[in-house]
Amino acid sequence: MQKSILYLFFLVGFLNAQVSNFSDIDFKKADSVALSNHGEDLTSLPELSFKLTASLTTDVERFRAIYRWVCTNIANDYGLYLKNNRKRQRFKDDSLKLEEWNTKFRRKLFKKLQKKKRTICTGYAYLVKSLANFANIECEIVQGYGRVSTTNIKTLDLPNHSWNAVKLNGKWYLCDPTWASGIPKPKTGKFHFKYNDGFFLANPKLFAVNHFPIESRWWLLEDNIPSFEQFLNAPVIYGKAYKNLELHNEPQQMHHNIKKHGKVTFAYVLKNSINTEDVKLLLDDGFDNSKTSPTSISINNTCLKLEHQFNKTGFYDVHLYLGEDLISTYTVEVTNN
């Protein structure tokens with residue numbers, strides 16, 4: 001009897017390990033389906049969902065084709081985002097006017113999505129969910145807060161971002177089609193498609209650095225769930241972080257105050273091994289900026305740890321680079337002893 005129980009426990013654990021990792025799946029066919037349907041319109045979402053999924057055999061491949069199609073066919077409308085943000089800030093203390101605006105804006109949003117294939121995060125998340133649901137894949141929209149390098153955390157008092165949770169083989173995963181699709185240029189308002197695969201079924205612990213869901217169930221974390229204050233004080237991580245990192249472990253806050261000759265420690269888990277010469281810090285004190293090697297670097301398999309000693313007083317923006325990829329930003333204020 002005990003052997004049977006132990007075997008069942010082992011089997012359940014084994015199956016869970018099997019379904020929790022899709023790194024061994026080749027998504028070439030799913031990506032090819034998405035690319036071969038490039039330019040399809042949105043007049044019939046059931047038909048589009050069928051075109052994207054009919055030739056694929058697993059739910060994860062079907063979802064991949066849907067996700068990849070959305071990310072490479074729908075443009076981020078930065079001007080629309082700014083307008084919505086201004087209106088929401090204006091009406092944030094008047095619930096009736098805020099709801100009236102939200103209702104009006106949703107109609108405009110989905111009309112523009114269907115006709116021009118331009119939208120903001122809500123439209124991306126809605127489209128991924130709808131196409132997935134038509135393919136009998138359980139997918140939800142997650143509402144919450146998102147932080148990028150341009151986010152003003154002093155005015156971040158209303159939810160400003162949406163993304164998706166998808167259930168595959170009995171387990172929930174997170175993805176962000178908006179941030180995966182490309183880069184809007186704030187100065188020009190133009191959008192450039194540049195698919196970032198790192199936001200597809202991302203590690204929830206990395207996701208938590210710059211995503212804060214309103215509903216706690218969508219953290220998909222068993223422990224160490226950050227408070228909203230911790231979220232606001234976290235480092236800024238960029239899209240390339242999702243390409244290069246599995247985890248961002250240290251530091252857990254963006255701002256640091258240290259004494260002259262003090263050190264700051266950084267620790268990460270990498271997706272792939274790198275060389276020490278690829279690791280650089282760009283230090284910007286407002287007068288000069290230059291890339292430098294950290295004071296010490298340790299790489300053990302995919303665990304990267306580095307320290308940097310600050311020998312001059314001042315206020316520094318510290319940017320981590322892995323090769324040419326900008327990963328994260330911190331600030332360090334160095335004062336005299």
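The values are calculated or read from the model by the stated rules, or taken from the named source; none is laboratory data. Since the model is a prediction, treat every value here as computed from it, not as a measurement. Neighbour counts are summed over all protein chains in view; Cβ atoms, including those assigned to glycine, are modelled from backbone coordinates with ideal geometry. Note: accessible area is taken over every heavy atom of the protein model, side chains too, but ligands, DNA and RNA are not part of it. Shrake-Rupley method; radii C 1.70, N 1.55, O 1.52, S 1.80 Å.
Inside the stretch 145-194, can you point out the residues that are of a type in the set (Ser, Thr, Tyr) and crowded, with 17+ Cβ neighbours inside 10 Å?
So the first thing to find is which residues in the stretch 145-194 are of a type in the set (Ser, Thr, Tyr), and the list is 145, 149-151, 155, 162, 173, 178, 181, 188.
Scanning the stretch 145-194 gives TYR145, SER162, TYR173, THR178, SER181.
Go through the stretch 297-323 and count every residue that is without any contact (Cβ under 8 Å) to a residue 12 or more places away in the chain and small (Gly, Ala, Ser). Write out each step before concluding.
So in the stretch 297-323, the residues without any contact (Cβ under 8 Å) to a residue 12 or more places away in the chain come out as 298, 300.
Filter once more, keeping what is small (Gly, Ala, Ser): 298.
Qualifying residue count, the stretch 297-323: 1.
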Some residue of the stretch 245-268 being closer than 18 Å to VAL148 by Cβ, in contact with a Leu (Cβ under 8 Å, 6 or more places away or on another chain) and crowded, with 19+ Cβ neighbours inside 10 Å: yes
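Listed residues LYS29, LYS83, LYS51; which is charged (D, E, K, R), at pLDDT 95 or above, open to solvent by 30 Å² or more (accessible area, probe 1.4 Å) and farther than 23 Å from LYS171 by Cβ?
Values: LYS29 fails: farther than 23 Å from LYS171 by Cβ; LYS83 fails: at pLDDT 95 or above.
One residue alone meets the criteria, LYS51.
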Selection from the stretch 123-144 of residues that are of a type outside the set (A, V, I, L, M, F, W, C), touching a helix residue (DSSP H, G or I) at 6+ places or on another chain (Cβ under 7 Å) and open to solvent by 10 Å² or more (accessible area, probe 1.4 Å): SER130, GLU140
The stretch 150-197, subset within 20 Å of ILE66 (Cα to Cα) and small (Gly, Ala, Ser), residue nearest to the chain's Cα centre (by Cα): ALA180
Identity of the residue in the stretch 295-316, in contact with a Lys or Arg (Cβ under 8 Å, 6 or more places away or on another chain) and polar (S, T, N, Q), that ends up surrounded by the fewest Cβ atoms within 10 Å (Cβ to Cβ): ASN311
Residue that is surrounded by the most Cβ atoms within 10 Å (Cβ to Cβ), among those in the stretch 195-227 that are at positive phi and in contact with a Phe, Trp or Tyr (Cβ under 8 Å, 6 or more places away or on another chain): LEU201
